[in-house]
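I have a structure I would like to understand better, so I am pasting it below and will then ask my questions one at a time.
The values are calculated or read from the model by the stated rules, or taken from the named source; none is laboratory data. Predicted model only: the values in this text are computed from it and were never measured. Positions of Cβ are generated from backbone atoms using ideal geometry, with glycine treated the same way; all protein chains shown enter the neighbour counts.
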Amino acid sequence: MSTAPAFVDFKDVWLAYSDELAARNDFAIEDITLSTRDGEFIAIVGPSGCGKSTFMKLATGLKKPTKGSVAIAGQNVTGPLKIVGMAFQAPTLLPWRTTLDNVLLPLEIVEPYRSSFKAKREEYAARARKLLATVGLQGYEDKFPWQLSGGMQQRASICRALIHEPRMLLLDEPFGALDAFTREELWNVLRDLWTVQRFNVILVTHDLREAVYLADTVYVMSKRPGRILATRQIDLPRPRDLEITYTEPFTALVLELRERIGSIRKS
């Protein structure tokens with residue numbers, strides 16, 4: 001059994017969105033305890049409103065727990081983290097910036113890159129071009145968001161989240177607005193980036209196939225107040241390709257999770 005320290009470490013975490021709500025015992029999430037190893041890919045699933053996005057805010061330091069503690073990379077989280085990249089369901093690319101300039105945006109804002117951005121812009125631009133090529137966007141560097149498809153915009157958004165080489169990537173329903181074929185293409189883009197770089201990933205999703213295909217571990221949350229009701233290790237071999245999604249072991253895992261969430265909805 002590994003004795004390596006946890007990378008993400010939640011200990012008895014409760015969160016109410018105000019002191020007044022806390023006084024009424026009205027919590028968004030409660031009694032969350034979990035830990036992940038360095039480089040692990042986890043997915044969080046559950047019914048709408050269960051606190052999945054609240055969990056993300058705690059993991060990034062955007063919210064402080066009302067009770068309990070959150071540590072990332074061995075350090076207690078007391079404010080927003082610089083070692084995190086984030087991507088959401090909406091790509092939120094700035095319409096007046098090209099694809100390349102959108103990807104470079106974090107380097108203009110986050111230290112230690114910000115202070116050296118002007119001097120090292122060409123070096124950083126080369127890094128961005130390489131990352132864009134990795135996700136199939138070579139030749140689109142000078143296009144504006146309105147000239148890109150939804151899937152292309154999301155690829156650029158993921159590049160923007162990774163350009164400053166964060167140790168953790170947080171993804172909040174990143175492929176939910178895409179068609180099924182594009183969604184599966186981007187599963188593989190994310191799989192390949194993670195396989196090479198082994199950053200830590202927290203994926204919030206309603207798509208159980210997505211969770212089982214991508215993750216090492218899937219956590220199932222209850223209805224509000226959100227609690228971890230089940231933890232499922234995904235023991236499918238890696239590297240995974242889309243053919244595995246048609247196999248019995250894969251289908252069995254998806255059905256197991258679906259039944260668990262179904263029972264939560266009825267309770």
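Which residue, of LEU242, LEU171, LEU208, is within 19 Å of GLY39 (Cβ to Cβ) and of a type outside the set (Lys, Arg)?
Working: LEU242 fails: within 19 Å of GLY39 (Cβ to Cβ); LEU208 fails: within 19 Å of GLY39 (Cβ to Cβ).
Exactly one of LEU242, LEU171, LEU208 is within 19 Å of GLY39 (Cβ to Cβ) and of a type outside the set (Lys, Arg), namely LEU171.
May I ask you to list the residues in region 59-81 that are more than 18 Å from ALA16 (Cβ to Cβ), assigned to a loop (DSSP other than H, G, I, E, B) and either in contact with a strand residue (DSSP E or B) (Cβ under 8 Å, 6 or more places away or on another chain) or not polar (S, T, N, Q) (or both)?
Step one: filter region 59-81 for residues more than 18 Å from ALA16 (Cβ to Cβ), giving 60, 71-76, 78-81.
Cutting the leftovers down to assigned to a loop (DSSP other than H, G, I, E, B) gives us 73-74, 78-81.
Once the filter is applied, which keeps residues that are more than 18 Å from ALA16 (Cβ to Cβ), assigned to a loop (DSSP other than H, G, I, E, B) and either in contact with a strand residue (DSSP E or B) (Cβ under 8 Å, 6 or more places away or on another chain) or not polar (S, T, N, Q) (or both), region 59-81 yields ALA73, GLY74, GLY79, PRO80, LEU81.
Further question: Evaluate region 149-156: report whether one residue or more is under 13 Å from the mean Cα position of the chain (by Cα), under 30 Å from PRO112 (Cα atoms) and hydrophobic (A, V, I, L, M, F, W, C).
Scanning region 149-156 turns up no residue that is under 13 Å from the mean Cα position of the chain (by Cα), under 30 Å from PRO112 (Cα atoms) and hydrophobic (A, V, I, L, M, F, W, C).
Name every residue in region 190-205 that is over 12 Å from the mean Cα position of the chain (by Cα) and either over 23 Å from MET152 (Cβ atoms) or buried (at least 24 other Cβ atoms within 10 Å of the Cβ) (or both), in order of residue number. Quick ask: steps written out before the conclusion?
Step one: of region 190-205, the residues over 12 Å from the mean Cα position of the chain (by Cα) are 191-193, 195-198.
Scanning region 190-205 gives a single hit, ARG198.
Give the residue, chosen from VAL8, VAL103, VAL13, that is touching a residue at least 40 places away in the same chain (Cβ under 8 Å) and out of contact with any strand residue (DSSP E or B) (no Cβ under 7 Å at 6 or more places or on another chain).
On the way: VAL8 fails: out of contact with any strand residue (DSSP E or B) (no Cβ under 7 Å at 6 or more places or on another chain); VAL13 fails: out of contact with any strand residue (DSSP E or B) (no Cβ under 7 Å at 6 or more places or on another chain).
Residue meeting the stated conditions: VAL103.
OK, next. Might you let me know whether region 175-183 holds any residue that is under 21 Å from ARG127 (Cα atoms), free of Cβ contacts under 8 Å to residues at least 12 places away in the same chain and aliphatic (A, V, I, L, M)? Please lay out each step first, then the result.
The first filter runs over region 175-183 and keeps only residues under 21 Å from ARG127 (Cα atoms), leaving none.
The answer is no, given that none of the residues of region 175-183 is under 21 Å from ARG127 (Cα atoms), free of Cβ contacts under 8 Å to residues at least 12 places away in the same chain and aliphatic (A, V, I, L, M).
State which residue is nearest to ILE261 (Cα to Cα) when the search covers only region 25-60 and only residues that are under 12 Å from the mean Cα position of the chain (by Cα) and of a type in the set (Gly, Ala, Ser).
ALA43
Further question on the same structure: Looking at region 38-58, is at least one residue in a strand (DSSP E or B), among the polar types (S, T, N, Q) and in contact (Cβ under 8 Å) with a residue 24 or more places away in the chain?
no
Give me the helices (runs of 4 or more DSSP H) completely within region 177-267, filtered to those with at least 3 residues that are basic (Lys, Arg), ordered by residue number.
On the way: elements: 180-197, 208-214, 248-266.
Because the criterion is at least 3 residues that are basic (Lys, Arg), the helices (runs of 4 or more DSSP H) in region 177-267 that meet it are 248-266.
From the list PRO95, PRO112, PRO166, which one is more than 23 Å from ILE244 (Cα to Cα), touching a helix residue (DSSP H, G or I) at 6+ places or on another chain (Cβ under 6 Å), in a loop (DSSP other than H, G, I, E, B) and of a type outside the set (Asp, Glu)?
Working: PRO112 fails: touching a helix residue (DSSP H, G or I) at 6+ places or on another chain (Cβ under 6 Å); PRO166 fails: touching a helix residue (DSSP H, G or I) at 6+ places or on another chain (Cβ under 6 Å).
Every option except PRO95 fails the conditions.
Residue check: is ALA22 over 22 Å from ARG260 (Cβ atoms), surrounded by fewer than 21 Cβ atoms within 10 Å (Cβ to Cβ) and free of Cβ contacts under 8 Å to residues at least 60 places away in the same chain? Outline the logic, then answer.
Numbers: over 22 Å from ARG260 (Cβ atoms): yes; surrounded by fewer than 21 Cβ atoms within 10 Å (Cβ to Cβ): yes; free of Cβ contacts under 8 Å to residues at least 60 places away in the same chain: yes.
Taking the combined requirement at face value, the residue satisfies it.
Something else: Select, from ALA125, ALA90, the only residue that is of a type in the set (A, V, I, L, M), modelled with pLDDT of 95 or more and surrounded by fewer than 17 Cβ atoms within 10 Å (Cβ to Cβ).
Values: ALA90 fails: modelled with pLDDT of 95 or more.
One residue alone meets the criteria, ALA125.
Let me spell it out: the conditions are (1) in contact with a Cys (Cβ under 8 Å, 6 or more places away or on another chain); (2) touching a residue at least 40 places away in the same chain (Cβ under 8 Å), and GLN154 meets all of them except one. Which number is the exception?
With (1) in contact with a Cys (Cβ under 8 Å, 6 or more places away or on another chain); (2) touching a residue at least 40 places away in the same chain (Cβ under 8 Å) applied to GLN154, the lone miss is (1).
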